[in-house]
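Everything below concerns the one structure shown next.
The values are calculated or read from the model by the stated rules, or taken from the named source; none is laboratory data. Source: prediction; values computed, not measured. Cβ coordinates were reconstructed from backbone atoms using ideal geometry, including for glycine residues, and neighbour counts include every protein chain displayed.
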Amino acid sequence: MTNAYDILEERGFIAQCTHEEEVRELLGQEKISFYIGFDPTADSLHAGHFIALMGMAHMQRAGHRPICLVGGGTGTVGDPSGRTDMRQMMTDDTIEHNCECFKKQMARFIDFEEGRALIVNNGDWLRQLNYIGLLREVGAHFSVNRMLAAECYKQRWERGLTFLEFNYMVMQAYDYLELNRRYDCRMQMGGDDQWSNIIAGVELIRRKESRPVFGLTFNLLTKSDGRKMGKTASGALWLDPEKTSPYDFYQYWRNVDDGDVEKCLALLTFLPMEEVHRLGALQDAKINEAKAVLAYEVTKLVHGEAEAEKAKKAAEALFRGQGSVDEMPTIDAHREDIGKKLLDILAAGGAIASKAEGRRLIQQNGLTLNNERVADIDHVLEESDFQSGAALIRKGKKKYYRLVLR
């Protein structure tokens, strides 16, 4: 059996591990159940979750059973890790809806057929807990001093950490205990910002059950300068095509910095490492070949081969003079829009987040209409702008839209 630890290490996933030699030996000799938790803070997973899903997929391919835990219980509290303020409280209906959206997206990466993976909701047990019973069962195993020193709480000191959020670590540790009892789950994985929470769960089970269990964290998806990857001008890079179009998703990865290409190929595709190293070693203009491969492979994984092909053709139409611009993202305009301000139409169509953003683009020479720079923030649409029923909008250097007259 292929050792999943070696695969994850070679591809650059592993940040920290509780018992490195024991974990490597375990993953090389046995097939285990492991879990990663996903709190339903939105109705779509985003690029930050992508690396966790890929790590799960590599583990499953090596013979291990993933447990995808959606936070129908922990989502009512909100993880304070990496936060400077308290998360917005969600209704039960919103939490349930978001959990269902997550389940559909996870199926693109994880094989749930015939029990090869599980999806469970921690609301099934957390919402039924008796407060005094929980305190008596696990409270004595948590040191407040150690909890206060945890990295996940440090950013909250100035604004204050609520007692609600302080309980998050206890809830996540209890999840691990429950999964260990129900499904013999022996490892928790997650982003490196979850290290303190994962350690809490490992220690709780070892004390309560006297069983060896483990924790492992993945490197966060960051750029070479340390900033988080997966952020766009309009917000997060979503895996839901209704929130981030396949074309925009493709273009994000097509335009990553040269120094991030090899890392992204290793973490976010299943290409053999020999090919990853070959593509990552390309220099100067040839690095664009690697970026195109990265964009195609990532988009294929998230949105399917058909959408990846469409996005690729649209990009080729713009940058290489090939393919069809029909695959480009479109904004509908109507006869009654003739004479209206261009920024109003672009804002209504989602090409710009706001008219304020549009004004900044124009002031910075960043908006063109049919390859002509738009200089007037009050520019109005004219019928002559629509050549063969469509106008070409360029936002910034590389984002294009077709404005189609319906």
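The rows are residues; the columns are (1) β-branched (Val, Ile, Thr); (2) modelled with pLDDT under 80; (3) within 20 Å of residue 255 (Cα to Cα).
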site: 312; (1), (2), (3): no, no, yes
site: 325; (1), (2), (3): yes, yes, yes
site: 367; (1), (2), (3): no, no, yes
site: 384; (1), (2), (3): no, yes, no
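So which residues in region 1-48 are β-branched (Val, Ile, Thr) and over 30 Å from residue 93 (Cα atoms), if there are any at all?
Those that are β-branched (Val, Ile, Thr) and over 30 Å from residue 93 (Cα atoms): 2, 7, 14, 18, 23, 32.
Only one of these conditions is not met by residue 178: (1) touching a residue at least 24 places away in the same chain (Cβ under 8 Å); (2) out of contact with any Asp or Glu (no Cβ under 8 Å at 6 or more places or on another chain); (3) assigned to a loop (DSSP other than H, G, I, E, B). Which number is it?
(3)
Being of a type in the set (D, E, K, R), in a helix (DSSP H, G or I) and either modelled with pLDDT under 80 or assigned by TED's automatic domain parsing to the domain that holds residue 52 (or both) is the requirement here; does residue 316 meet it?
Taking the combined requirement at face value, the residue satisfies it.
Does region 205-257 hold any residues that are among the basic types (Lys, Arg) and free of Cβ contacts under 8 Å to residues at least 40 places away in the same chain, and which are they?
206, 211, 223, 227, 231
Is it the case, given these coordinates, that residue 191 is in the same structural domain as residue 137 (by TED's automatic domain parsing), of a type in the set (Gly, Ala, Ser), under 23 Å from the mean Cα position of the chain (by Cα) and over 12 Å from residue 35 (Cβ atoms)?
The answer is yes for residue 191.
Matching residues to (1) within 19 Å of residue 299 (Cβ to Cβ); (2) under 17 Å from the mean Cα position of the chain (by Cα):
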{"site": "216", "(1), (2)": "no, no"}
{"site": "219", "(1), (2)": "no, yes"}
{"site": "237", "(1), (2)": "yes, yes"}
{"site": "243", "(1), (2)": "yes, yes"}
{"site": "249", "(1), (2)": "yes, yes"}
{"site": "255", "(1), (2)": "yes, no"}
{"site": "278", "(1), (2)": "no, no"}
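This table checks each residue for (1) modelled with pLDDT of 85 or more; (2) of a type outside the set (Gly, Ala, Ser); (3) surrounded by fewer than 19 Cβ atoms within 10 Å (Cβ to Cβ).
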site	(1), (2), (3)
152	no, yes, no
164	no, yes, yes
170	yes, yes, no
173	yes, no, no
183	yes, yes, yes
189	yes, yes, no
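Out of the residues in region 211-256 that are at pLDDT 90 or above, over 21 Å from residue 304 (Cα atoms) and of a type outside the set (A, V, I, L, M, F, W, C), state the one that is surrounded by the fewest Cβ atoms within 10 Å (Cβ to Cβ).
Step by step, filter region 211-256, then rank; the result is 211.
Got at least one residue in region 229-239 being closer than 19 Å to residue 312 by Cα, of a type in the set (Phe, Trp, Tyr) and not assigned by TED's automatic domain parsing to the domain that holds residue 300?
Yes; the residues of region 229-239 include at least one that is closer than 19 Å to residue 312 by Cα, of a type in the set (Phe, Trp, Tyr) and not assigned by TED's automatic domain parsing to the domain that holds residue 300.
List the number of the failed condition for residue 275; all other conditions in (1) without any contact (Cβ under 8 Å) to a residue 24 or more places away in the chain; (2) assigned to a loop (DSSP other than H, G, I, E, B) hold.
(2)
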